[in-house]
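Read through the structure below, which is laid out as C-alpha cells, and then see the notes.
Read the figures in this text as sums done on the coordinates, not as results from a lab. Everything numeric here is computed off the predicted structure, so don't read it as measured data. Neighbour counts run over all protein chains shown; Cβ positions are idealised from the backbone, glycine included.
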Amino acid sequence: EREAKVLAGLDHPGVPKTRDFFLRGGRWIMVQSRAPGSSLAARIEAGERFEASALESLLREGLEILAYLHGLHPPVIHRDIKPGNVMVDRGTDGSLRVSLVDFGAIQARVRGADSVASTSVGTFGFIPMEQMIGQARPASDLFALAMTVVVAASHRWPEALPLDEGTGRVDLDALGLQLSPALRRTLEAMLEPIVGKRVATAQEALRLLSPAGAALAVPTTMAVAQNQGEVRLGWLWNGCMGLSGLAAGLIYLVFFDAFSETALIQISALWVAPFAFGFAGRLAERNGKRHPVGVAMLWAGAAVAALIFFIYGIFPSL
C-alpha cells in the first residue's frame with residue numbers, strides 16, 4: 001500500500017498518472033493511464049534511427065523526469081530505466097514526447113529495504129556497479145538513462161558496446177556516432193562507472209547539456225590524472241590502516257607485559273592516528289570528497305585529541 005501511495009502521488013507529464021489502486025487476492029493492483037506512443041525498445045527493434053537532435057531531446061526529457069523524481073522527499077529512484085521502460089511519442093512536427101513507465105522497482109526504496117533486497121531489481125547492462133551491490137542512488141538512474149540513449153543511437157545492446165579499457169566507460173568514439181559536443185560530454189559524464197566521478201544529479205546533467213555546459217566539463221586529461229592520483233591514495237589509506245593494525249598487534253600481543261597500563265594507553269596514539277587517517281581517507285574518497293587528505297588529517301587530529309582528553313581528563317579518575 002505504501003508503494004502504491006507513493007506512485008499515486010507522482011505528478012509529472014512524463015509519468016503515467018495512477019488512477020486507482022486496490023487490494024485483490026492479497027496483492028495491490030494499480031490502474032495507471034496509458035503512456036502515449038510506443039516503447040523505445042520496440043522502435044529500436046523496428047529499425048528506427050534517431051538523428052542527433054532527437055537523441056538530445058530524448059536525453060533532455062528523460063533528465064527532466066528524473067529531476068522531478070529525485071527532487072521528491074524521499075527521492076524516488078526508478079532503478080530499472082531501459083529502452084523497454086521508456087515510451088516515445090513523435091509529434092506532428094517531429095518532436096519527441098518521452099514517458100517513463102514501470103515503477104515496480106521503486107518498492108525496495110520506498111520500504112527502506114537493505115542492500116540484499118535491493119539487488120533483485122534492475123536490468124544488467126543498464127545498471128551501474130553500485131546498484132549491483134544494492135547501493136542504488138539518483139546517479140544510478142543517470143547511468144541507466146545514458147546507456148539507454150547510447151543503445152538508441154547505436155542500435156547495439158550493452159553487451160555489444162565497446163569499452164575503453166583505460167576508463168571502463170563505453171567508448172563513444174569507437175561507435176562512430178554523430179553526436180553534438182553537448183550530448184557527448186553529457187553522456188560521458190553520466191556513463192562514468194565510478195559513482196563518485198559520475199555527474200551526481202539530473203540538474204547537473206541538464207546544465208552540461210546546455211550551451212554553457214562546456215565550461216562545466218572536466219577535460220579528459222585532467223580526469224585521467226585524477227584517477228591515477230586516487231589509485232595512489234588508495235594505497236595510502238590501505239597502508240595507514242595496515243600499519244595501525246601492525247602497531248596494535250605489537251603493542252597488545254608482543255610487548256603487552258613490558259608496559260604499564262598507563263603507558264599502554266599513552267602509546268595507543270601509534271595506532272589510533274594512522275587508523276583514523278586511513279579509514280577517514282578511504283571513506284571520504286568513496287563519497288567523492290574533493291580533498292580526502294584534508295578530511296583524513298582532520299579525523300586523525302580529532303582521534304588524537306580525543307585520546308589525549310581521555311588520558312589526562314578521564315583516565316586518572318578511573
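Side notes on the structure shown:
- Summing charges over all other residues whose Cβ lies under 11 Å from the Cβ of LEU163, with Lys and Arg as +1 and Asp and Glu as -1, gives -3.
- Using Cβ point charges alone (K and R +1, D and E -1), the dipole size of segment 9-54 about the Cα centre works out to roughly 280 debye.
- At least 27 Å along the helix axis (C-alpha) and Kyte average at least -0.5, DSSP helices within the chain: 220-249
- Across THR148, THR262, THR186, mean-square fluctuation computed from a Gaussian network of the chain (C-alpha pairs under 10 Å connected) peaks at THR262.
- Shape category assigned to segment 221-317 from the gyration tensor of Cα positions, a/c cut at 1.5: oblate
- Charge dipole (debye, nearest 20) of the chain; +1 at Cβ of Lys and Arg, -1 at Cβ of Asp and Glu: 560 debye
- Under 15 Å, Cβ to Cβ, from GLU188 - net charge with Lys/Arg +1 and Asp/Glu -1: 0
- Inverting the pair-averaged 1/r between distinct Cα atoms of segment 1-58 gives 14.0 Å as its Kirkwood hydrodynamic radius.
- The protection proxy used here, the mean number of other Cβ atoms lying within 10 Å of each residue, ranks peptides 156-165, 268-277, 32-41 as follows, highest first: 268-277, 32-41, 156-165.
- Value of relative contact order over the chain, rounded to a whole percent, pairs C-alpha under 8 Å and six or more apart: 13 percent
- Listed residues LEU236, PRO316, LEU246: farthest to the positive end of the dipole of segment 221-317 (Cβ charges): LEU236
- Relative contact order [Cα under 8 Å, 6+ residues apart], segment 221-317, whole percent: 28 percent
- The eigenvalues of the Cα gyration tensor, multiplied by 5 and square-rooted, give the chain an equivalent ellipsoid with semi-axes of 47, 26, 16 Å from largest to smallest.
- Order of HIS70, HIS155, HIS78 - criterion: other Cβ atoms within 10 Å of each residue's Cβ, fewest first: HIS155, HIS70, HIS78
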